[in-house]
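Chemist: Take a look at the following structure, please.
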Amino acid sequence: MHISERIAQISASPTLAMSAKARELKQAGLDVISMSVGEPDFPTPAYIKQAVKDAVDADMSHYGPVPGTPGLRAAAAKYMSSFALQGGEDIFSADDIIVSVGAKQAICNAIETLVGKGDEVILPTPCWVSYTEMVKLAEGVPVMVRTTMDNDFILTPEALEAAITPRTRLIILCTPNNPTGAVYSTEEINALAEVLLRYPNVAIIADEIYNKICYTGKCASWASRKDLLDRMIVVNGVSKAFAMTGYRIGWMACKDKAFIKACTRLQGQQITCATMVAQYAAQKALEGDLSCLDEMVHAFEHRRDLVLNLAKDIPGWKVRCPKGAFYLFPDVTALFGKHAPADSEYAKAHPGAVISNADELCEYLLMDGLVACVSGAAFGEPTCLRISYACSEQQITAAMQRIRTAIQRLA
């Protein structure tokens, strides 16, 4: 069959591809440690699992409203407002929320609703792998604006303004950031907001899926900019903070009623509604005692400190301390041009065995270190690797030792 040009031009997810390779090697009997996927290893909290059982017993097995159940939409609105209260009043109401099958679908639907053929979308890089492909799927033009480690991977107002053209329709900003772990301060958000105020035709998607996993205190939210709410979509969900990745529940919040109506129309043709049992579980997650989240964040902070300390002993790595999420993003350019040892599995498969880029370094670490990580090229920064520390401290320690040993063998 003929594959449409629209689908043929998009790439497979590199993070999921690396995860699949790691699983294949594990199934072949190799002891692979995966640090490739951003998935918390904690069990879903018990009170949420009980909610699932209650929903099943209550026969929540039928269609629900396209934009989500009233209970979950109200809980999500309150949760989102808690990050950016204005005068003690909630910013968002249930009518501002659309529940989707994960935050990924929420972002994709927002892009599909806003972006037309040839419209430009500003993507500060490094950025999550799916943004670029989603823009291409909408026949838009990704405009990659590079940030640097020297500036903590923070987009500057000057770089933002230089990237805006008459074709600019949207900017997507992620804080805390995947893959860098960078967190925008209130001052940094305000500086970018002042630029965007001068361009009323540019909409904003604020991807804040990691905003509970922040090591600097409460994360600043774009929703605090009341003067931009008429063209802002804030995205969140339960996957990361509540360890509910497989439940596939996320949402968007937007004050523009016409946009919400259009997105609801789109989603009605796609999925009808997110799974009802999962929606009930997500509602109870948001309404429950959130102290369990603090325990997980505390554990992630310990893991971050551990992986940072171990990274200091790895030759050729340059790192910055991530302030949120659960990723380390080392610059590995000092290793480019080195040769894998002749007796390595990588050298057997690649005559010459020169490590010339981050993709090849990832392959070498998987084949000879039995550690799966992701090339920074997937995120728009080919000088780096992404290491997920959303795994146990024992796995982190073992994986970093394997990485160090494998890299020490390079010549």
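The values are calculated or read from the model by the stated rules, or taken from the named source; none is laboratory data. No experiment lies behind these values; they were computed from the predicted model shown. Cβ placement follows ideal geometry from the backbone for every residue including glycine, while neighbour counts extend to all protein chains displayed. The area values use the complete protein model at the heavy-atom level, side chains included, leaving out ligands, DNA and RNA. Shrake-Rupley method; radii C 1.70, N 1.55, O 1.52, S 1.80 Å.
Chemist: Could you check how many residues of region 62-104 are part of a loop (DSSP other than H, G, I, E, B), at pLDDT 95 or above and of a type in the set (S, T, N, Q)?
Modeler: Within region 62-104, residues that are part of a loop (DSSP other than H, G, I, E, B), at pLDDT 95 or above and of a type in the set (S, T, N, Q) number 2.
Chemist: List pairs: first in region 219-232 and closer than 15 Å to MET252 by Cβ, second modelled with pLDDT under 95, Cβ under 6 Å, 6+ apart or cross-chain?
Modeler: Listed by first residue and then by second, the contacts come to SER221/PHE83; SER221/ALA84; ALA223/ALA84; ALA223/ILE91.
Chemist: Among TYR184, TYR199, which is part of a loop (DSSP other than H, G, I, E, B), without any contact (Cβ under 8 Å) to a residue 40 or more places away in the chain and surrounded by 24 or more Cβ atoms within 10 Å (Cβ to Cβ)?
Modeler: TYR184
Chemist: Looking only at region 1-56, which residues are part of a loop (DSSP other than H, G, I, E, B) and free of Cβ contacts under 8 Å to residues at least 40 places away in the same chain?
Modeler: Residues satisfying the conditions are MET1, HIS2, ILE3, SER4, ALA12, ALA28, GLY29.
Chemist: May I ask you to say which residue of VAL101, VAL145, VAL115 is aliphatic (A, V, I, L, M) and closer than 30 Å to LYS318 by Cβ?
Modeler: VAL145
Chemist: Continuing with this model, one more query. Could you check region 274-298 and list, in sequence order, the residues that are closer than 22 Å to GLN50 by Cβ and of a type in the set (A, V, I, L, M)?
Modeler: Once the filter is applied, which keeps residues that are closer than 22 Å to GLN50 by Cβ and of a type in the set (A, V, I, L, M), region 274-298 yields ALA274, MET276, VAL277, ALA278, ALA281, ALA282, ALA285, LEU286, LEU290, LEU293, MET296.
Chemist: For residues that are in a helix (DSSP H, G or I) and open to solvent by 50 Å² or more (accessible area, probe 1.4 Å), scanning just region 348-359, find the one that is farthest from ILE213 (Cα to Cα).
Modeler: Step by step, filter region 348-359, then rank; the result is LYS348.
Chemist: Also, I was wondering about something else. Have a look at ALA262, ALA282, ALA299 and point out the one that is among the aliphatic types (A, V, I, L, M), touching a strand residue (DSSP E or B) at 6+ places or on another chain (Cβ under 9 Å) and either open to solvent by 30 Å² or more (accessible area, probe 1.4 Å) or assigned to a helix (DSSP H, G or I) (or both).
Modeler: None of the other options fit; the residue is ALA282.
Chemist: Taking region 238-259 as the region of interest, how many residues are aromatic (Phe, Trp, Tyr), open to solvent by 10 Å² or more (accessible area, probe 1.4 Å) and part of a loop (DSSP other than H, G, I, E, B)?
Modeler: Residues that pass the stated criteria total 0.
Chemist: Go through (1) in contact with a strand residue (DSSP E or B) (Cβ under 6 Å, 6 or more places away or on another chain); (2) open to solvent by 10 Å² or more (accessible area, probe 1.4 Å); (3) more than 30 Å from PRO43 (Cα to Cα) and name the single condition ILE209 misses.
Modeler: Result: ILE209 passes all but (3).
Chemist: So, in region 314-347, of the ones that are modelled with pLDDT under 95 and among the acidic types (Asp, Glu), which residue ends up surrounded by the most Cβ atoms within 10 Å (Cβ to Cβ)?
Modeler: Top of the filtered list is GLU345.
Chemist: I'd like the full set of residues that are modelled with pLDDT under 95 and part of a helix (DSSP H, G or I), limited to region 285-295.
Modeler: SER291, CYS292, LEU293, ASP294, GLU295
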